[in-house]
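Participant: Take this structure first; my questions come after.
Values in this text are rule-based calculations from the coordinates and carry no lab data. Predicted model only: the values in this text are computed from it and were never measured. Every residue, glycine as well, gets a Cβ built from its backbone with ideal geometry; the counts of neighbours run over all protein chains shown.
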Amino acid sequence: MAKRETYARTWLKDFCYIACNELKQIFSDGGVMLIFFVAGLLYPLLYNVVYLNGILNDTPIAVVDEAACSESRRYIRELDATREVEIAYKCINMDEAERLMKERKVNGIVLFPRDFGEKIQRMETSTISVYCDMSCFLYYKNVLMSTNHVMLHEIGRIQVERYAAAGFTDIEAAQLVQGIPYEENNPYNQAFSYSIFLLSAILLVIIQQTLFYGMSLLVGTQREQNRSFASLPYHLQGHGMGRVVLGRGFAYWGLYMAIGIYIALIVPAIFGLPQRGQFWNIMALLLFFVTDCVYFSMTFSTLITKRESVFVLFLFMSPICLFLTGTSWPTTAIPGFWKVFSYIFPTTFGVQAFINMSTAGGDLSTAHDQMIALTIQTVVYFFLSTVAVYIENWIIRHKEEIEERKAALEKEIGIDFHEEDRKMIAGE
Amino acid sequence: MKTWNNIKAVIRRELRIFRQRPIYLLGSIGAITFCTVFFLTFFRDGLPHDLPMGIVDNDDSSLSRNFIQQMDATQLGKVVMFDNFEEAREAMMSGKVTSVCVIPEGMYADVSANRRPVFTYYLNGLYFVGGALAYKNILTMINLTNGAVQRQVLRAKGVNENAIMGRIQPISIDTHQIGNVTTNYGYYLSNMMLPAMLELIIIIVFIYSLGAELKYGTSRHLLKTTDGSMLDALLGKLIVYTVLFSAIGLVLIICLYHWMHFPIAGSIWNMFLAIVLLVLASESMAIFIIGCLPIPRLALSVGALYSVLGFSLTGFTLPVEALPPYIQGLAAAFPLRHYFHFYTQEVYFAGGFAGWYPEVIHLLLFLFLPLTVIKRLKGAYVNQNFPTN
């Protein structure tokens, strides 16, 4: 019994020592501080400022009204009144409108053909042509939505007029024109605001990426200076990996819970992003997500041997992580391989859970699958990072032996690798 | 002649470094290959299909079943049935379905009796593309249903079949999607995401290359190679990296517009010009950043911040007009923004020289940036008086 207590006490002592040591490392490294505290705290603010509005209003379009009848004029007036588009130019012919489009003064063209009014009078279908600028899909969406909404409205109006002329009462006409009226609800993102969906995703990607870059920076520095974290527990002689991994993890975990609370709870409040979730649900999510991110970073930072190389090798993953979350491109349309690939990243599940709970206002049950996935990830990454530390520790402890073997091998082959390297860099 | 010899020496030295440290080629060729494979396969479908759309059928009549079958038969939608609204709402909140349609109880009876039952639908706009497409699909379906109801009535009244269409739909819209006829998200996003990735990679790798000289204290050796000429040293490095990145850029353009058959209205040769200019402008920006901040880690962090922001400020997702006014001007500080204008002119409108020449000037203006910091960078290279970590 006494022995066990001693073990527990040693364990705790080592754990505290390692956690404190790691914190000391973090706070004495300017680069890591920059990433954790400047990037971690400023990035969310910056993105919120950039995507402050998030809705594209009044896309300029050109109108070519060859019909010049009362119907087309009414259509144009109504089009101009929509939120989505603004009639910036009224052109005499298509050539002029095309030129404006090429000059990027307008992002869409609406053409009313000469027979537009006549066909309506003849009770035929008259067609208007819409030309959309596809360089940005929001232009296309705006032009398409506004012209279609006005079309539906105009159709209703023309039909009601006709039925009235045919002697129907208002109610009868309405029954005919719209037998099934519909009611639209878009409860979480009413105007399809770009910022609400994107920011909710970006916030958690920032947590994961800054943690990963910061940790890799520190790991790279330590490796450069030949004092890898894996060599810490000297007196442990290769045992007790658990306390190394847990101790280091705890240091980052503590810091990132604070940063996470700031990013996931305070930043949205500052910028008025929807926060419909229960406080404790979001805290539970952060608990799982941050723990997962810590061990994710610990696992993958073992690949980093030099201080700055993490940027060169992994910066391009940030936008890709965002796509893999499935918030913009639907998960059901993601090819199988990339779906499996997305399971590598905590953000894939973290972002979905955050959106479901915080932005949409669901409870924990709406993030059930994601929470389970996060837990599995945490376990796997904890295991992997322990293995990584174990292997590295073994290599460090057997360094001399390995060096000896290498030297023996070099002698055998007859090449002095180091001298060769030096010469190559010096260009001799 | 001396200059040329100096430059040649730097080029040889740079190629040696490439051989010594695989990170440069891994960070450029490796990274862009991964991104290319990713974006070209990720948006394979072009437009998502079979989006899960929830339906709560409270009516259970032939009309509602017909509606559900029609909805299921659309290319975009795949119907997921729910017993009650509570379950459906939960599924929508968890992102399992993009939308929920509620068919009211007694809809068929009400329609037959002209009582106008209200059809309700709910969308989840947080899963953006899915929500927006589901919206489009539902709107189309419900209007078609209304049209069908009206057609039944008109038929019963003996209106002739040809005249019915003109009455149901007095106005129709003929949409022309210029340059992307199939509304292919793959074309739309990969066209810009890949050059954006290239810009990011150029800035980071080039800053790293210049910073590594400071970090490992080899900067004096570099200057010794060129007899103390900073300009020669930079030119030598620039030649190596320009060749490398231009080659990557050209392959990228060939890949997009030739092998993958992305629609292009103009000429692929002009796009070659665009990508080379983007490469040059991005390199200049990298020199500017490391020149202003000759501390490798700081320069890399700033470079990372800058190039990642470029994705947002280029305006190919959310147009720049929709950003706050005080941010809009900043967009011009990104080479990618000018590349975007160039590409729009060439790929969508075949604008030719007259269309894109201002962008060429804008991109070339970036080349003046290094001149402003070359002295400072030389100072840092000679004195090595900045922190290296």
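Participant: If each residue of separation counts as 0.36 nm, what is the full-extension length gain between A:ARG99 and A:TYR390 once their alpha-carbon separation is subtracted?
Facilitator: Contour length minus the Cα-Cα distance gives 98.1 nm.
Participant: Here's another thing I want to ask about it. Relative to the Cα centre, what is the charge dipole magnitude of the range B:44-168, using +1 at the beta carbon of each Lys and Arg, -1 at the beta carbon of each Asp and Glu, and rounding to the nearest 20 debye?
Facilitator: Using only the charged Cβ atoms, the result is roughly 640 debye.
Participant: The range A:43-129: which trypsin sites (Lys or Arg not before Pro) are DSSP loop and have at most 15 other beta-carbon atoms within 10 angstrom? Present the calculation step by step, with values, prior to reporting the outcome.
Facilitator: Details: sites: A:ARG73, A:ARG74, A:ARG77, A:ARG83, A:LYS90, A:ARG99, A:LYS102, A:ARG104, A:LYS105, A:ARG114, A:LYS119, A:ARG122; in loops: A:ARG83, A:ARG104, A:LYS105, A:ARG114, A:ARG122.
Passing sites in the range A:43-129 are A:ARG83, A:LYS105, A:ARG114, A:ARG122.
Participant: If you don't mind, there's one more thing I want to ask. Using only Cα atoms, tell me the angle between helix A:368-397 and the longest principal axis of chain A; keep it within 0 to 90° and round to the nearest 10.
Facilitator: Here the helix axis deviates by roughly 30 degrees.
Participant: How many partner chain Cβ atoms sit within 10 Å of a residue's Cβ in peptide B:30-39, on average, as a whole number?
Facilitator: Taking all residues of B:30-39 together, the mean is 3.
Participant: If you don't mind, another one. Could you run the Karplus curve 6.51 cos²θ - 1.76 cosθ + 1.60 with θ = phi - 60° over the range B:132-142 and give me ³J(HN,Hα) per residue in whole Hz, x for Gly and Pro?
Facilitator: 5, 6, 4, 4, 4, 5, 5, 4, 4, 5, 5
Participant: For chain A, what does -39500 (n - 2.57) per DSSP helix run (n ≥ 4), summed and divided by total residues, give at 222 nm, in deg cm²/dmol to the nearest 500?
Facilitator: Result for chain A, helices only: -20500 deg cm²/dmol.
Participant: Between B:PHE18 and B:THR372, take the C-beta separation as r, use R0 = 25 Å, and let me know the FRET efficiency to the nearest 0.05.
Facilitator: On the way: r = 28 Å, r/R0 = 1.14.
Efficiency, from the Cβ-Cβ distance: 0.30.
Participant: How big is the dipole moment of chain A about its Cα centre under a simple scheme where the beta carbon of each Lys and Arg is +1, that of each Asp and Glu is -1, and everything else is neutral? Debye, nearest 20, please.
Facilitator: For this selection, approximately 1300 debye.
Participant: Check cross-link reach from A:LYS306 to the lysines: straight Cα distance under 21 Å, and skip same-chain residues fewer than eight apart.
Facilitator: A:LYS24, A:LYS399, B:LYS215
Participant: Using only Cα atoms, locate the centre of the range A:189-214 and the centre of the range B:11-63, then give the distance between them in Å, rounded to an integer.
Facilitator: Computed from Cα coordinates, the inter-centre distance equals 19 Å.
Participant: How large is ³J(HN,Hα), in whole Hz, for each residue of the range A:329-341 in order, when computed from phi with the Karplus curve 6.51 cos²θ - 1.76 cosθ + 1.60 and θ = phi - 60°, using x for Gly and Pro?
Facilitator: 7, x, 4, 5, 9, 6, x, x, 4, 6, 5, 5, 4
Participant: Starting from 0.36 nm per residue, how many nanometres of slack lie between A:VAL340 and A:ARG74 once their C-alpha separation is accounted for?
Facilitator: 90.5 nm
Participant: Next question. Using only Cα atoms, what Kirkwood radius does the range B:51-168 have, in angstroms? Mind dumping the intermediate values first?
Facilitator: Working: mean 1/r = 0.0667 Å⁻¹.
Evaluated over the range B:51-168, this radius sits at 15.0 Å.
Participant: What fraction of the DSSP beta bridges in the protein assembly as shown is antiparallel, stated in percent and rounded to the nearest 5?
Facilitator: 20
Participant: Okay, moving on. Could you name the aspartates and glutamates whose alpha carbon sits less than 14 Å from that of B:LYS237, not counting residues in the same chain fewer than 8 places away?
Facilitator: Filter leaves B:GLU14, B:GLU213, B:GLU283.
Participant: Rounded to the nearest 20 debye, what is the charge dipole size of the range A:59-177 about its Cα centre when +1 sits on each Lys and Arg Cβ and -1 on each Asp and Glu Cβ?
Facilitator: In debye, rounded to 20, the range A:59-177 gives about 200.
Participant: Keeping to pairs on different chains or 8 or more places apart, tell me how many lysine pairs in the range A:59-177 have Cα atoms under 22 Å apart. Can you show the working numbers first?
Facilitator: Numbers: A:LYS90/A:LYS102; A:LYS90/A:LYS105; A:LYS90/A:LYS141; A:LYS102/A:LYS141; A:LYS105/A:LYS141.
Close lysine pairs under the 22 Å cut-off: 5.
Participant: Once you have the Cα-Cα distance between A:GLN190 and A:GLU400, take 0.36 nm times their residue separation minus that, and quote the gain in nm to one decimal.
Facilitator: 69.1 nm
Participant: In nm, to one decimal, how far is the modelled label at B:MET260 from the one at B:ALA113, with both set 7 Å along Cα→Cβ?
Facilitator: Inter-label distance under the simple model: 5.7 nm.
Participant: Have a look at chain B and give its Rg and Dmax from the Cα atoms, expressed in angstrom.
Facilitator: Taking only Cα atoms of chain B, I get Rg and Dmax of 28.9, 96 Å.
Participant: Let me ask you something else. I'd like the orientation of helix B:31-42 relative to chain B: the angle between its Cα long axis and the longest Cα principal axis, in ° from 0 to 90, rounded to 10.
Facilitator: So the inclination is approximately 10 degrees.
Participant: Which far-off residues, 5 or more places away or on another chain, put their amide H under 5 Å from the one on A:SER126, with H placed in the peptide plane?
Facilitator: The list, which skips near neighbours in sequence, is B:ILE171, B:SER172.
Participant: Straight-line reach from B:LYS78: which lysines have Cα under 18 Å away, leaving out those fewer than 8 places along the same chain?
Facilitator: B:LYS96, B:LYS136
Participant: With a/c under 1.5 counting as rounded, go ahead and sort the protein assembly as shown into rounded, prolate or oblate using the C-alpha gyration tensor (a ≥ b ≥ c being the square roots of the eigenvalues; past the cut-off, prolate if a/b is larger than b/c, else oblate).
Facilitator: oblate
Participant: I would also like to ask the following. From the phi of every residue in the range B:66-80, what ³J(HN,Hα) in whole Hz does the Karplus formula 6.51 cos²θ - 1.76 cosθ + 1.60 yield, where θ is phi - 60° and glycine or proline is x?
Facilitator: Each residue's phi maps through the Karplus curve to give 4, 4, 5, 4, 4, 4, 5, 7, 5, 5, 6, x, 9, 7, 10 Hz.
Participant: Search the structure for amide H atoms under 5 Å from the amide H of B:VAL80, placed 1.01 Å from N in the peptide plane, and list their residues when 5 or more places away or on another chain.
Facilitator: Sorted by chain and number, the residues that satisfy this are B:MET53, B:GLY54, B:ILE55.
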